Each structure stands twice: as C-alpha cells, then as structure tokens.
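A short worksheet on the structure shown next.
The values are calculated or read from the model by the stated rules, or taken from the named source; none is laboratory data. Treat the numbers as computed from the prediction; the structure is a model and nothing was measured. Here Cβ is always computed from backbone atoms with ideal geometry, including for glycine, and neighbour counts include all displayed protein chains. Surface accessibility is based on the protein's heavy atoms, side chains included, excluding ligands, DNA and RNA. Shrake-Rupley method; radii C 1.70, N 1.55, O 1.52, S 1.80 Å.
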Amino acid sequence: MKMFFAALYVLALAVPQNPKDAAAPADGPISALEVQRRPDAAGDLRVFVSETDLTYSAEGVEARQVNRQKFELETLAASTERMTLRFRLLEASLTDSRDPGLERLLEAWVGVDVVVAADASGRPVAFADWPAVREAHRTRLSELGMQQEQADVLAAGLDRLPPEDLLSLLLSDVALLAEMQPRQPLPEGRVEQPLQNTDQAARSGVQSAARTADGCGLLLTRSFSAETPGSTGTANSMKRDVRATLHVADGWVSEVSRTIAIRAGEQRSDEVVRIQRDPAPQCPAV
C-alpha cells in the first residue's frame with residue numbers, strides 16, 4: 001500500500017548499512033559504540049506504534065494515504081545466524097483519498113499472527129507458513145462483512161505476488177526496525193560513502209552515530225541520495241533520510257523516522273514514516 005518508483009528504490013536498498021569503503025573522519029581512527037547489550041532471545045516482546053504519511057502525484061492526479069498501526073513483535077527463536085519472529089497487528093486505521101475501501105483490507109490483518117524467518121539483523125526473509133497467514137486473513141475479511149467470493153479473489157491475488165513483495169507489503173516496518181537496530185558495534189562519528197558515478201546512476205550516502213545528550217541512548221542517522229537519467233532529459237532522483245534513537249539499556253529502537261522523496265519526470269512521491277516503542281522506554285537511573 002506504499003508506492004515507490006522501483007528503479008530508484010532498488011538503489012537505496014543496495015546501500016550497505018556500514019559502508020566498508022567509507023572514508024574515515026579526518027581527525028583520526030573511528031572508535032566504536034556498543035549497541036546491543038545482550039543477544040536476542042526467545043520471549044523478547046515489544047510493542048510499537050507506526051504512522052505513515054504518503055503523498056504522490058502522477059499525470060496531474062494527486063493523492064494522499066495516511067495509516068496508523070500498533071503492532072507487537074516477538075522473538076520466538078534466535079541464534080547468531082537467524083531468528084524466528086512473530087508479528088501481530090493490534091490496531092490499524094487508514095485513510096486514502098483515492099480508495100476509502102483500503103481501510104477494511106488493512107483492518108483484516110488485525111489479530112493475524114505472521115511468523116517469519118529473519119536473518120541475524122532481524123530482517124524478515126521468508127514466511128514460516130504463508131498458507132496459514134493467508135487463510136487467517138481471508139477469515140478476517142469475512143468477519144468484517146466481505147462476501148466470500150470477493151475474499152477468495154483477494155486471497156488469490158496475494159498468492160500471485162512474489163514472496164519478497166508480500167514481505168515488503170506486510171512487514172516494511174519490521175524491516176526498517178531491523179535496518180536501524182545494529183547488532184554489532186557502530187563506528188562513532190560521521191562516515192561517508194564516496195560519491196559513485198556510473199552511466200546508470202550517481203549515488204552517495206552518509207552515516208552518523210553518537211551518544212544522546214541525556215545519556216539514555218544512541219542516535220543513528222543514515223542518508224542516501226541517488227540520480228538516474230530521465231527519459232525527458234530531467235534526472236530522476238531519490239533522497240532517503242533515516243534517524244533512530246536506540247535505547248541504551250537494551251539496544252532496541254525506541255523511535256525511528258524515515259523520509260523518502262522521489263522525483264521521476266512529472267511523478268512525485270513523498271513518504272514519512274515514524275515508529276515509536278509503546279510505552280516509551282525509561283531512561284535508566286544514573
């Protein structure tokens with residue numbers, strides 16, 4: 001339900017989280033900041049509230065979609081190489097200027113347990129049992145008053161999507177949390193990815209990590225920009241900025257925000273995502 005211009009978005013995903021070829025600060029070697037105080041473990045359970053505001057225009061038509069979701073994320077199993085996670089949507093609301101009916105489709109995911117395999121960073125990579133998830137969603141659609149035939153059509157449409165698109169559709173917030181919650185120490189200060197120019201694209205990125213002023217967490221920011229040649233002679237562009245606060249007591253994200261601005265000819269897309277832990281973690285006593 002979130003619209004991106006694929007060619008530029010792929011460039012963003014290709015940016016390493018900790019660029020190995022990034023230039024070190026001029027004032028000397030980079031020191032490391034400890035992030036995660038203990039390994040992920042079965043039974044870890046946290047609740048988050050996510051708000052997304054997406055505006056876009058194409059061919060003279062403008063639209064806006066705003067959604068709010070409250071969800072819980074539980075670790076069912078964890079090792080140094082992989083994890084098993086359970087995602088459950090607890091609350092959901094959505095407004096879409098073009099299609100008011102989308103809210104019911106989102107609400108039909110409330111209460112559905114989505115169990116996934118994740119890599120060591122917590123990024124979902126595969127469904128543990130997609131047919132069970134699909135059937136639970138179909139049941140919820142019927143409970144919300146959708147005719148069985150229509151629910152069957154929607155479920156069949158989900159089956160036609162590639163697994164990676166389904167994961168992105170349902171668990172984009174989980175992927176963002178994983179991206180901004182490093183399990184390994186972070187280089188302190190500003191680290192830049194040198195500008196890369198090819199015939200196909202020009203791109204650059206920067207990462208910054210520092211202790212927060214109150215000592216309660218670590219502030220991690222990542223920015224990325226890319227340009228590709230446009231068919232009309234005007235370059236297509238994307239700028240992506242992410243800012244996260246990691247709670248010092250456990251290394252988990254306490255809040256994260258991401259903005260993505262995409263320009264492709266006459267098409268424009270601006271997305272703002274904000275995710276906060278609920279309740280907000282308290283600063284440990286000094």
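Below, the figures for the structure above:
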| read-out | value |
| --- | --- |
| Residue selected from segment 220-230 under the condition within 30 Å of GLN267 (Cα to Cα) and part of a strand (DSSP E or B), by the criterion farthest from the chain's Cα centre (by Cα) | THR228 |
| Pairs where the first residue, in segment 141-164, is farther than 17 Å from LEU106 by Cα and the second is open to solvent by 60 Å² or more (accessible area, probe 1.4 Å) and not in a helix (DSSP H, G or I), C-beta under 6 Å, 6+ apart | none |
| Residues being open to solvent by 40 Å² or more (accessible area, probe 1.4 Å), among the β-branched types (Val, Ile, Thr) and touching a residue at least 24 places away in the same chain (Cβ under 8 Å) - total across segment 116-139 | 1 |
| Selection within segment 32-53 - at pLDDT below 95 and more than 23 Å from PRO182 (Cα to Cα) | none |
| Selection from segment 165-187 of residues that are touching a residue at least 40 places away in the same chain (Cβ under 8 Å), of a type in the set (A, V, I, L, M, F, W, C) and surrounded by 14 or more Cβ atoms within 10 Å (Cβ to Cβ) | LEU167, LEU170, LEU171, VAL174, ALA175, LEU176, LEU177, ALA178, MET180, LEU186 |
| Every residue from segment 32-48 that is surrounded by fewer than 17 Cβ atoms within 10 Å (Cβ to Cβ) and under 24 Å from SER257 (Cβ atoms) | GLU34, GLN36, ARG37, LEU45, VAL47 |
| Residue within segment 53-69 that is in contact with a Leu (Cβ under 7 Å, 6 or more places away or on another chain), crowded, with 18+ Cβ neighbours inside 10 Å and farther than 21 Å from LEU105 by Cβ present | no |
| Those residues of segment 174-219 which are over 18 Å from the mean Cα position of the chain (by Cα) and among the charged types (D, E, K, R), in sequence order | GLU188, ARG190, GLU192, ASP199, ARG203, ARG211, ASP214 |
| Residue within segment 273-284 that is aliphatic (A, V, I, L, M) and open to solvent by 70 Å² or more (accessible area, probe 1.4 Å) present | no |
| Selection within segment 188-219 - open to solvent by 90 Å² or more (accessible area, probe 1.4 Å) and either among the polar types (S, T, N, Q) or assigned to a strand (DSSP E or B) (or both) | ARG190, LEU195, ASN197, THR198, GLN200, ARG211 |
| Conditions (1) surrounded by fewer than 16 Cβ atoms within 10 Å (Cβ to Cβ); (2) out of contact with any Cys (no Cβ under 9 Å at 6 or more places or on another chain): number failed by ALA249 | (2) |
